[in-house]
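Notes to accompany the following structure.
The values are calculated or read from the model by the stated rules, or taken from the named source; none is laboratory data. What you are looking at is a predicted structure, and each value in this text was computed from that prediction instead of being measured. A quick note on method: Cβ atoms are made from the backbone with ideal geometry, for glycine too, and the neighbour counts reach across all protein chains shown. Note: accessible area is taken over every heavy atom of the protein model, side chains too, but ligands, DNA and RNA are not part of it. Shrake-Rupley method; radii C 1.70, N 1.55, O 1.52, S 1.80 Å.
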Amino acid sequence: MRIRPMKKGQVINGYRILQDFSTARGGLSKWTFAEKAGKEYFIKEFLSPTYPVDGAPGSAKTRSERQRQCEVFESHHKHLKNALAGKSSEGGNLIVTRDFFRWGTKYYKVTEKIDVASFRVTDVAGLPREKQVLVLRTVAHSLQILHNAGIVHGDLKPDNILIKTTVTGDYTTKLIDFDNSYFSGRAPEIADEVVGDAVYYSPELGLFISEDSSVGPSDLECKSDIFALGLIFHQYLTGSLPKFDQKKRRYPYVAV
């Protein structure tokens, strides 16, 4: 059974696709913009898992395992969505999931569309101190909302913090991409299922990923995000990560 890729002009679950999907970083998903009821949204298509619809290839055992994986994936995303429901209104600094659904074999996530400034870490470092502080405060506030809901972002890094210019000429931030989030103390049992950027791993996350027996899923809590946040704040204020001997230690968490 061949499933045709979604194209510009098609409608899925009431959303009209405004442009063809583009591959996101790492190739784990695709994204585009869509319109529904006169409003534009950001929509992401997950490349995995794929639901075994009628006529899909594979043995009964393979289809059953794929369906189990899909049920776990769907339950995880719906629990995260429900935990953050009402925590951030439209236009807020925490960009939460507005809709999550399956269409055919693929899963989709919808969030509000954000218009952002093209800002790099070094650009933030060049701002006056009072404007830097505004950036830091809005990031910290968004993360606090997430942590108050008992959720670890899990992939906190500059790429997932969008910077937006306000009407007053100041800067604010939008915290995005909770696809790899999990509830504090309830990380995935298998290290390979924890996704993130090694540059921003906390020491305990790095040990877990390397399958060190001294660290388990229950040790991965909200504080792991705080380690990453400290690194990001250092970059925002100075333009670079904290200094350490990179010839001996490849990542900050290893140096610590």
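Excluding residues fewer than 8 places away in the same chain, name every one of the lysines whose C-alpha is closer than 21 Å to that of Lys61.
Qualifying lysines at Cα under 21 Å: Lys106.
For Arg129, what is the net charge nearby, where nearby means another residue's Cβ is under 14 Å from its Cβ and Lys, Arg count +1, Asp, Glu -1?
That sum, taken over residues with Cβ under 14 Å, equals 0.
Hey, which lysines would be in cross-link range of Lys248, C-alpha to C-alpha under 16 Å, not counting anything within fewer than 8 residues on its own chain?
The qualifying lysines are none; the list is empty.
To the nearest 10 Å², what's Asp159's accessible area with a 1.4 Å probe?
80
Which of the aspartates and glutamates could a cross-linker bridge to Lys8, judged by Cα under 17 Å and excluding same-chain residues fewer than eight apart?
Asp20, Glu35, Glu40, Glu45
Give, as ranges by residue number, the residues of the stretch 152-172 whose backbone N falls under 16 Å from the point 7 Å along Cα→Cβ of Leu18.
In the stretch 152-172, the label zone of Leu18 (backbone N under 16 Å from the point 7 Å along Cα→Cβ) covers no residue.
Roughly how far apart, in whole Å, are the Cα centres of the stretch 140-185 and the stretch 229-256?
That distance is 20 Å.
For the stretch 1-98, which trypsin sites (Lys or Arg not before Pro) are in a loop by DSSP, counting at most 10 other Cβ atoms within 10 Å?
Sites meeting the loop and neighbour criteria: Arg2.
Loop-only check: which chymotrypsin sites (Phe, Trp or Tyr not before Pro) in the stretch 120-197 are DSSP coil with at most 11 other Cβ within 10 angstrom?
none
Take the Cα of Ala191, step 7 Å along the line toward its Cβ, and report every residue of the stretch 213-256 whose backbone nitrogen sits under 12 Å from that point.
Residues 213-217 qualify, since their backbone N sits under 12 Å from the label point.
Against the longest principal axis of the chain, how steep is helix 223-238, in degrees 0 to 90 to the nearest 10, with axes from Cα atoms?
That helix lies at roughly 60 degrees to the long axis.
Compute the distance in nm between two label points, each set 7 Å from the Cα along the Cα-to-Cβ direction, one at Arg129 and one at Ala83.
Modelled inter-label distance: 3.7 nm.
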